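Following: one structure in structure tokens, then a few remarks.
The values are calculated or read from the model by the stated rules, or taken from the named source; none is laboratory data. None of these values were measured; they are calculated from a predicted model. Here the Cβ positions follow ideal geometry from the backbone for every residue, glycine too, while neighbour counts run over all protein chains shown. When the accessible area is computed, the model is the full protein with side chains, heavy atoms only, and any ligands, DNA or RNA have been set aside. Shrake-Rupley method; radii C 1.70, N 1.55, O 1.52, S 1.80 Å.
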Amino acid sequence: MTQQRTVVVTGGNRGIGRAIAEEFVALGHRVAVTARSGGGPEGTLTVRAEMTDAASIDAAFAEIEAALGPVEVVVANAGITRDTLLLRMSEEDFTDVVDTNLGGAFRVVKRASKGMLKARFGRVVLISSVVGLYGSAGQINYSASKSALVGFARSLTRELGARGITANVVAPGFIETDMTAALPEEQQAEYKRAIPAARYGSAAEVAKAVTWLASDDAAYISGAVIPVDGGLGMGH
Ligand SMILES: NC(=O)c1ccc[n+]([C@@H]2O[C@H](COP(=O)([O-])OP(=O)(O)OC[C@H]3O[C@@H](n4cnc5c(N)ncnc54)[C@H](OP(=O)(O)O)[C@@H]3O)[C@@H](O)[C@H]2O)c1
């Protein structure tokens, strides 16, 4: 049986992050979520954190460590989109997305790695997207931020792999959340036609892959990209 761990999920108040937090709670772990608004699911500790601000992340981790002990598992899930075609994409559209999705992961993992190095144990899971390696018109900012997480996890694996720390990427396809509900209906139908499984995934299906990567059973898996996409991204 997997040991009970202290887990942090960023953006755990809704969508995929909330489902990931629920799954960790169901498995008996000590779970904290970061949120800018609202709270995490029942059984979690909610702390405020802004992904673009290292000081706010540091304060959130200090609060979590005081309440639940050293952080052993971190899931960098918080993310945003600002979709538009390249010629219309502003500097702000680009930097906001990269600073939240990639910069946020950097700040959170950097802060979490201190305790993991001391404990000589850690599980880092970065939530990317099928779009990271598949590409998507109108998502140059988002796709670039998500594919960068692969280089991030692989470099981290080379830096910290000998200290009992693994770093992996989960790449969801189209999942039923606020993010995909915001897409125009026609676009949603077009995406569904392209997915071999012929349906969107659920946040719970992503959560199962994440908790498995964080488990003792996955100790020898690092630098991997695990797709949860109904076959959409095959070969990418
Ligand atoms: N939905 C999909 O189909 C899909 C597919 C592939 C990958 N993903 C990825 O999965 C992750 C979760 O997606 P989702 O669909 O669950 O998204 P969502 O429902 O839009 O939730 C996004 C989460 O990120 C948080 N967040 C955003 N910007 C933040 C910031 N600057 N500081 C702190 N927290 C911030 C949000 O907090 P607030 O509530 O406070 O705004 C919220 O908790 C994202 O990284 C996304 O790119 C999603």
Evaluation of L149 against (1) within 30 Å of R120 (Cβ to Cβ); (2) among the hydrophobic types (A, V, I, L, M, F, W, C); (3) open to solvent by 30 Å² or more (accessible area, probe 1.4 Å) (one fails), failing number:
(3)
Just to check your reading of the model, which residue among V109, V131 is in contact with a helix residue (DSSP H, G or I) (Cβ under 6 Å, 6 or more places away or on another chain) and under 26 Å from E205 (Cα atoms)?
V131
Among E205, E159, E176, the single one that is at pLDDT 95 or above and under 20 Å from E22 (Cα atoms) is E205
List the pairs whose first member sits in segment 119-132 and is modelled with pLDDT of 95 or more and charged (D, E, K, R), whose second member is in a strand (DSSP E or B) and more than 7 Å from the ligand (Cβ to nearest atom), and whose Cβ atoms are under 7 Å apart, counting only residues at least 6 apart or on separate chains?
R123/V73; R123/T166
Residues (free of Cβ contacts under 8 Å to residues at least 24 places away in the same chain and near the ligand (Cβ under 7 Å from one of its atoms)) located in segment 4-61
R36, E50
List the number of the failed condition for T84; all other conditions in (1) part of a loop (DSSP other than H, G, I, E, B); (2) within 15 Å of the ligand (Cβ to nearest atom); (3) surrounded by fewer than 19 Cβ atoms within 10 Å (Cβ to Cβ) hold.
(2)
Restrict the check to segment 191-202 and report whether at least one residue is assigned to a helix (DSSP H, G or I) and of a type in the set (F, W, Y).
yes
Could you tell me whether segment 169-189 includes any residue that is within 12 Å of the ligand (Cβ to nearest atom), assigned to a loop (DSSP other than H, G, I, E, B) and among the charged types (D, E, K, R)?
yes
Restricting to segment 87-132, name every residue that is away from the ligand (no atom under 16 Å from the Cβ), buried (at least 20 other Cβ atoms within 10 Å of the Cβ) and among the hydrophobic types (A, V, I, L, M, F, W, C).
M116
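Condition test on A224, is it within 12 Å of the ligand (Cβ to nearest atom), modelled with pLDDT of 95 or more, under 22 Å from N77 (Cβ atoms) and of a type outside the set (F, W, Y)?
Numbers: within 12 Å of the ligand (Cβ to nearest atom): no; modelled with pLDDT of 95 or more: yes; under 22 Å from N77 (Cβ atoms): yes; of a type outside the set (F, W, Y): yes.
No: the conditions fail for A224.
In the list A214, A167, A207, which residue meets the criterion of being more than 25 Å from V97 (Cβ to Cβ), open to solvent by less than 50 Å² (accessible area, probe 1.4 Å) and touching a Phe, Trp or Tyr at 6+ places or on another chain (Cβ under 9 Å)?
Of A214, A167, A207, the one residue that is more than 25 Å from V97 (Cβ to Cβ), open to solvent by less than 50 Å² (accessible area, probe 1.4 Å) and touching a Phe, Trp or Tyr at 6+ places or on another chain (Cβ under 9 Å) is A214.
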Could you tell me which residue of segment 62-79 is surrounded by the fewest Cβ atoms within 10 Å (Cβ to Cβ), considering only residues that are within 15 Å of the chain's Cα centre (by Cα) and more than 10 Å from the ligand (Cβ to nearest atom)?
V73
Filtering strands (runs of 3 or more DSSP E) wholly in segment 1-59 for at least 1 residues that are of a type in the set (D, E, K, R), within 21 Å of V206 (Cα to Cα) and open to solvent by 20 Å² or more (accessible area, probe 1.4 Å) gives 30-35
